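Everything on this sheet refers to the single structure shown next.
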Amino acid sequence: MANHEEQFKKLVSHAKEYGFIFPSSEIYDGLAAVYDYAQYGVELKKNIRDYWWKSMVQMHENIVGIDSGIFMHPTIWKASGHVDAFNDPMIDNKDSKKRYRADVLIEDHCAKIEAKIEKEIEKAAKKYGEAFDKEEFVKTNPRVLENARKIQEISHRMNHDLEVNDLADLKRLIEELEIVCPVSGTRNWTEIRQFNLMFSTKVGSVSDEANTIYLRPETAQGIFVNFLNVQKTGRMKIPFGIAQTGKAFRNEIVARQFIFRMREFEQMEMQFFCAPGTEMQWFEYWKKERMRWHLSLGMPESAYRFHDHEKLAHYANAATDIEFDFMFGFKELEGIHSRTDYDLSRHQEFSGKKIQYFDSDRDESYVPYVVETSIGLDRMCLAVLSQAYTEERLEDGSERVVMRIPAKIAPCKVAVLPLVKKDGMPEKAREILRDLQPLFMCQYDEKDAIGRRYRRQDAIGTPFCVTVDTDTMNDDTVTVRERDTMRQERVPVKEIAAYVAEKTR
Ligand code: GAP
C-alpha cells in the first residue's frame, strides 16, 4: 500500500512537472478539489472525449449528441430529486471546526482495521515463506476473522443507517468506535446533518429565493428535458440515444485523490430510450459495449471489474459500476444504470407537459424507459495516466520515466528532431513538421542532446520521434523511434504520415 501511495505521489508531481495537470489558482495557494488541465492534459482530455463521442455518436446511427446549458430551470432539480435527496451526511468537530462526511470517517476507520489484516497476512507470509497459503490463512486465523467480522458489522450498520436516514444512530456508531478528529484528536462532535451537494447562485438582479438556480450536478437532466425536442426534430425511433459531454458541479466535502473527486468535473453521459420491458436487454448490451470501449483503447483487462449494485436507488431496476484499479484501489470509473421511466415521468408531472412516445410497431403511446451510461472524463484521464506511468531501468543502467499512454489518445503523436542544429537539418526537420502538422499534434525540439530529447518525449507519452540526420540529407529517409520499445527504424520521408497514422489509429 505504502508503495502505491508513493507511486501516486510521483504520478501527481509528474503530471504537474510535465504539463498535464496543475492545481487551480496555484499562485494564490490553490483552491481545493479544483484542477486546471495544462498543455498536454488538455490534449489527452480532448482525445478521450473525441474517442468517446466517435464511439457513442458517430458509430451508432441511432444516437445523437446535444450540448445543453449548465444553468437550467430550477424545477428540473425538484423533479429529478436532487433538491430533496442529493445529500451527504456531515459532522463537525467542535474543537478543530473541521467538517467531515460521517460515512467517510467510518470507512476510514474500517480501512485501519483492514490494514491490520494486511499486516497479519504479511507477517505470516514472512514466517512461513514458500509454504504460506494465503487463502487458508485468511479463512482460519482468529485475529483476521475477528477483524473481518468487525468490518462487516460496522459496514452493515452504517449502510442501514444511511438507507433509513437514521443520523442519530450513525453518530452513535462514530462514538462507539471512538473515532477522533484527525486534526484536533478529540471526540467532540456535533450532530450529523444532511448537506445538499448542489451549488446554487442567483439569476438576474433581485436576490430572493425565487431567483435561485443551480449549477448542474449531472449532465443527464439536460438530456431528459430535451427528449421530445430531439425525438421530434430528429424523427428518432425508439430505441435511440442522446449523448452529451460537459461540466458538472458538486460541493464535495471530502475531495481528495487528485482529479478522482473534484468540485468541478466533466461527464460523458448517454441516455438510451427504449420500450418498457426491453430495458434489461439494453442494460446488458451497454454493460458489454462500455467495457469493450475501455479495452479497445488498449487498457488492460485486469485493471477493470464490474461491481453490481445490490441496493438500488428507488428509480433504478438494475445498476452496475465499471471499477478501475487506481493506485489507491478499485474505484468507480463509470456507472451504467437502468433508470426505468422515472426521470421522464417526473418531468411530465412537474412540467405538466405530456412526455410520451407513440410506438407504431406496438400501436401504443408510453413513457420510454432509460438505460444510462455515465463516465467521468477526469476519472478516465486519471485511469489512463496511472496506467501509463512507468519507471524503467535501461540496459545501460540509466533510468527513464515513460508515459505509456495508448497511442490513439496520446497528447502529442510525433516529435520531429534534427540530430544537430546545423548542415540543413533544422530546415529539413521544419519542412517535415509542416507536412505533419495538419494531420497530428506534433512537436519540434532542437535543444540538448538527442537522448535527452527522447526522454522529454517519453515523459509526455509521445509515441513516435522522427530524427533527421546526415543520411536524411542524402536519401530522404528518417529514423523513427518508438516510445515503448525504443526500437528505431528507417522510414522514407514521404511515408512518415502514413506510418504514424497507421500506428496511432
Ligand atoms: N447521471 C448519473 C450520475 O451522475 P454518478 O455515479 O453520480 O451518476 C457518474 O456520476 C460518473 O461521474 C462517476 O462514475 C464518476 O466517474 C464521475 N463523477 C462523479 N462525481 C465526481 C466528482 N466529484 N469528481 C470527478 N468525477 C466524478
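The values are calculated or read from the model by the stated rules, or taken from the named source; none is laboratory data. Please read all numbers here as calculations on a predicted model, not as lab measurements. Methodologically, a virtual Cβ is constructed for each residue, glycine included, from the backbone with ideal geometry; neighbour enumeration extends over all protein chains shown. Ligands, DNA and RNA are stripped out before the accessible areas are found, and what is left, the full protein with its side chains, is counted by its heavy atoms. Shrake-Rupley method; radii C 1.70, N 1.55, O 1.52, S 1.80 Å.
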In Hz, Karplus ³J(HN,Hα) per residue of the range 164-175 (6.51, -1.76, 1.60; θ = phi - 60°; x = Gly, Pro): 9, 6, 8, 6, 5, 5, 4, 5, 4, 4, 4, 5
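Considering only protein heavy atoms and a probe of 1.4 Å, how much of the accessible area of the range 316-442 is carbon and sulfur, as a whole percent?
Details: 2300 of 5240 Å².
Answer for the range 316-442 is 44 percent, counting heavy atoms of protein chains only.
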Hey, how much of the P(r) for the range 124-173 falls beyond 19 Å, as a percent of Cα pairs? 48
Starting from a Cα-only point model with no solvent, please compute log10 I(q)/I(0) by Debye for the range 278-383 at q = 0.21 1/Å. -1.09
If you line up the long axis of helix 425-436 against the longest principal axis of the chain, both from Cα atoms, how many degrees apart are they, to the nearest 10? 40
Distance between Cα centroids, the range 229-289 to the range 296-335: provide it in whole Å. 15
List the trypsin sites (Lys or Arg not before Pro) within the range 379-475 that fall in a DSSP loop (any state other than H, G, I, E or B) and whose Cβ has at most 11 other Cβ atoms within 10 Å. 421, 422, 447
Mean shadow of the range 351-492, computed from the convex hull of its alpha carbons, in nm²? 15.2
If you average the alpha carbon positions of the range 85-121 and of the range 437-498, how far apart do those two centres end up, in angstrom? 50
What is the set of long-range amide H partners of residue 340 at a cut-off below 5 Å, with H atoms built 1.01 Å from backbone N? 317, 370
What are the trypsin sites (Lys or Arg not before Pro) within the range 255-299 that DSSP puts in a loop, where the Cβ has at most 13 other Cβ atoms within 10 Å? 256
Rounded to the nearest 20 Debye, what is the dipole magnitude of the range 116-272 about its Cα centre when Lys and Arg each give +1 and Asp and Glu each give -1 at the C-beta? 460
Indicate, rounded to the nearest 5 percent, the antiparallel portion of the DSSP beta bridges found entirely in the chain. 85
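For the range 259-299, what is the accessible area per residue in Å², given a 1.4 Å probe and the full set of protein chains? Let's see the in-between values first.
Values: 1430 Å² over 41 residues.
That works out to 35 Å² per residue.
Quick one: grab the alpha carbon gyration tensor of the range 91-193, order the square roots of its eigenvalues as a ≥ b ≥ c, and give me rounded if a/c is under 1.5, else prolate or oblate depending on whether a/b is larger than b/c.
Working: a/c = 3.93, a/b = 2.08, b/c = 1.89.
Taking the square roots of the gyration eigenvalues as a ≥ b ≥ c, the range 91-193 is prolate.
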Computed over the Cα atoms of the range 218-355, what is the convex hull's projected area averaged over all directions, in nm²? 10.0
For the range 368-497, build the charge dipole from Cβ charges (+1 Lys, Arg; -1 Asp, Glu) around the Cα centre, then report which of 473, 369, 417 sits farthest towards its positive end. 369
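Which percent of the accessible area of the range 1-140 is formed by carbon and sulfur heavy atoms (probe 1.4 angstrom)? Numbers along the way, then the final one.
Working: 4520 of 8610 Å².
Here carbon and sulfur together make up 52 percent of the probe-accessible area.
Please compute the contact order of the chain in relative form: average sequence separation of alpha-carbon pairs under 8 Å and at least six residues apart, divided by the residue count, as a percent.
Relative CO of the chain lands at 14 percent.
Over all directions, the average projected area of the alpha-carbon convex hull for the range 147-289 comes to how many nm²? All intermediate terms of the calculation are to be shown ahead of the outcome.
On the way: hull surface 59.8 nm².
Computing the convex hull of the Cα atoms and averaging its projections yields 14.9 nm².
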In the neighbourhood of residue 275 defined by beta carbon distances under 10 Å, the net charge of the other residues (Lys, Arg +1; Asp, Glu -1) is -3
Intensity falloff of the range 438-505 expressed as log10 I(q)/I(0), Debye formula with alpha-carbon point scatterers, at q = 0.13, 0.16 Å⁻¹: -0.35, -0.55
Which of the three applies to the range 231-276, rounded, prolate or oblate, going by the alpha-carbon gyration tensor with a ≥ b ≥ c and a/c under 1.5 meaning rounded? prolate
List the relative contact order of the range 334-455 as a percent without decimals, with contacts defined as Cα pairs under 8 Å and 6+ residues apart. 17
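What accessible area per residue, rounded to a whole number of Å², is obtained for the range 1-137 using a probe radius of 1.4 Å? If you can, show how the numbers build up before the last one.
Details: 8350 Å² over 137 residues.
With all protein chains present, the range 1-137 gives 61 Å² per residue.
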Of the listed pairs 78/311; 10/94; 10/171; 112/171, those with alpha carbons more than 29 Å apart are 10/94; 10/171
The chain, helix-only ellipticity at 222 nm - DSSP H runs n ≥ 4, -39,500 (n - 2.57), divided by all residues, nearest 500: -12000 deg cm²/dmol
Tell me the net charge near residue 251. Cut-off is 9 Å between Cβ atoms, residue 251 excluded, with +1 for each Lys or Arg and -1 for each Asp or Glu. 0
Suppose all protein chains stay in the model; what accessible area per residue would a 1.4 Å probe give for the range 421-491, in Å²? 52
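What net charge do the residues around residue 61 carry, taking every other residue with its C-beta under 15 Å from that of residue 61, with Lys and Arg at +1 and Asp and Glu at -1?
Numbers: positive: 54, 235, 237; negative: 289.
So the surrounding residues net to +2.
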Rg/Rh of the chain (Cα atoms, Kirkwood Rh), to two decimals, equals 1.02
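Please go through the range 150-205 and write out the chymotrypsin sites (Phe, Trp or Tyr not before Pro) that DSSP classes as loop and that have at most 11 other C-beta atoms within 10 Å.
Values: sites: 189, 195, 199; in loops: 199.
Answer by residue number: there is no such site.
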With θ set to phi - 60°, apply the Karplus curve 6.51 cos²θ - 1.76 cosθ + 1.60 along the range 67-84 and write out the HN-Hα couplings as whole Hz, x wherever there is a Gly or Pro. 9, 8, x, 6, 7, 9, 4, x, 5, 4, 7, 6, 4, 6, x, 5, 5, 8
Using all C-alpha to C-alpha distances in the range 1-121, build P(r) with 10 Å bins and read off the rounded percent in each one. 9, 17, 28, 33, 12, 1
With the full set of protein chains in place, find how many percent of the accessible area of the range 156-299 is carbon and sulfur; take the probe as 1.4 Å. 50
